[in-house]
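Below: one structure, written as structure tokens.
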Amino acid sequence: MPRSTVHRIVHRVTEEVVAIRHKVIHLTKTQDELQPISRWFAGLARHRAFFKAAGAIDGCHVRIKPPSGPDGQCYRNRKLFPSIILQAVCDHQGRFIDTYVGWPGSVHDSRVLRYSPLYRSSLYPPPGHFILADGGYPCLQHPLPLITPYKRPIQGVGAQRFNSHHSRARSIIERAFGMMKTRFWAIFLHALEVHHTFVPHVITACAILHNICLGAGDIVAPEDEPEEDEAEDEGENGLETVSAAPWHDQLSAEVSAPEEMPPDHQYF
């Protein structure tokens, strides 16, 4: 088959899949839909303090062939390989409920977040709920409620316990990335063989197909090792934000309370 024909087929199929994105990747709209998600997050964390978790967020680096010339250097990430960043939020099952893709690999996760529609719209999650994030993100209450782990060095047993429960629940987003990469290993194992401007379409299509597979009960065990958390953030670049430190401390105090969910409790 001629290379040009393969090129047209790949582009056409990818665009057809991306066209149904909003039917497959969408935020939870009602309290009835959100309640089981929050309950399951509390089950993942094994503590009632996480009953208001509405998702987990992280960034994933996808290897690419960078453009030639000076512009190609901005795609080189902290691990020194060229990449494009996929920011995603998933639910308790590892299903993507929000994706934002296209920033070069050298850009920090917190900056990608600040330019994302999720952050700028402030429409999700509902009041009183929060999204779990790793140490590369700021701990925020507004405009996007994010609860992160305590930064190192960790002071006190309560903070250590909080981080442990937090990690249990938040790691679902790392498993979601791992499942998607394992399922489409031929795409993610090596640098993508497409133009860098088309990479976001390919990644989005893979995220859509990942959700469809999960909905059909087709689940694969992730083989990817989780990426290390970044411990620093870049500040807020002049944007008006409200820290979630008091909320953070309140959740930590709940974790330190004597009552804790048994390991086999599903918290429904």
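If you check R114, R120, R63 for being assigned to a helix (DSSP H, G or I), of a type in the set (D, E, K, R) and buried (at least 16 other Cβ atoms within 10 Å of the Cβ), only one passes: R114. K65 falls short on exactly one of the conditions (1) charged (D, E, K, R); (2) at pLDDT 95 or above; (3) under 22 Å from V112 (Cα atoms), and that condition is (2). H201 meets each of the listed conditions (1) part of a loop (DSSP other than H, G, I, E, B); (2) touching a residue at least 12 places away in the same chain (Cβ under 8 Å) apart from (1). Can you confirm whether G102 is part of a loop (DSSP other than H, G, I, E, B), surrounded by fewer than 19 Cβ atoms within 10 Å (Cβ to Cβ) and either at positive phi or touching a Lys or Arg at 6+ places or on another chain (Cβ under 8 Å) (or both)? Here the answer is no, as G102 does not meet what is asked. Is at least one residue of region 168-176 of a type in the set (G, A, S) and modelled with pLDDT under 95? No, because not a single residue in region 168-176 is of a type in the set (G, A, S) and modelled with pLDDT under 95. Could you list, in sequence order, the residues of region 132-158 that are among the hydroxyl-bearing types (S, T, Y) and within 17 Å of the chain's Cα centre (by Cα)? Across region 132-158, the qualifying residues are Y137, T148.
Scanning region 214-228 turns up one or more residues that are in a helix (DSSP H, G or I) and either at pLDDT below 90 or surrounded by fewer than 18 Cβ atoms within 10 Å (Cβ to Cβ) (or both).
Within region 176-184, the presence of at least one residue that is touching a strand residue (DSSP E or B) at 6+ places or on another chain (Cβ under 7 Å) and over 21 Å from F81 (Cβ atoms) is confirmed.
Residues of region 45-71 that are over 20 Å from the mean Cα position of the chain (by Cα), over 13 Å from E254 (Cβ atoms) and of a type in the set (G, A, S): S68, G69. Screening the candidates G128, G158, G178, G136 for the property of being of a type in the set (G, A, S) and either in contact with a Lys or Arg (Cβ under 7 Å, 6 or more places away or on another chain) or more than 30 Å from Q35 (Cα to Cα) (or both) yields one hit, G128. Filtering L144, L132, L80, L140 for residues that are at pLDDT 95 or above, aliphatic (A, V, I, L, M) and either farther than 19 Å from R21 by Cβ or surrounded by 21 or more Cβ atoms within 10 Å (Cβ to Cβ) (or both) leaves a single hit, L132.
Here T14 meets the list (1) touching a Ser or Thr at 6+ places or on another chain (Cβ under 8 Å); (2) closer than 22 Å to T204 by Cα; (3) touching a residue at least 60 places away in the same chain (Cβ under 8 Å); (4) in a helix (DSSP H, G or I) almost entirely, failing just condition (1).
The values are calculated or read from the model by the stated rules, or taken from the named source; none is laboratory data. Predicted, not measured: the structure shown is a model, and the values here were computed from it. Please note: Cβ atoms are built from the backbone with ideal geometry, for glycine as well, and neighbour counts cover all protein chains shown.
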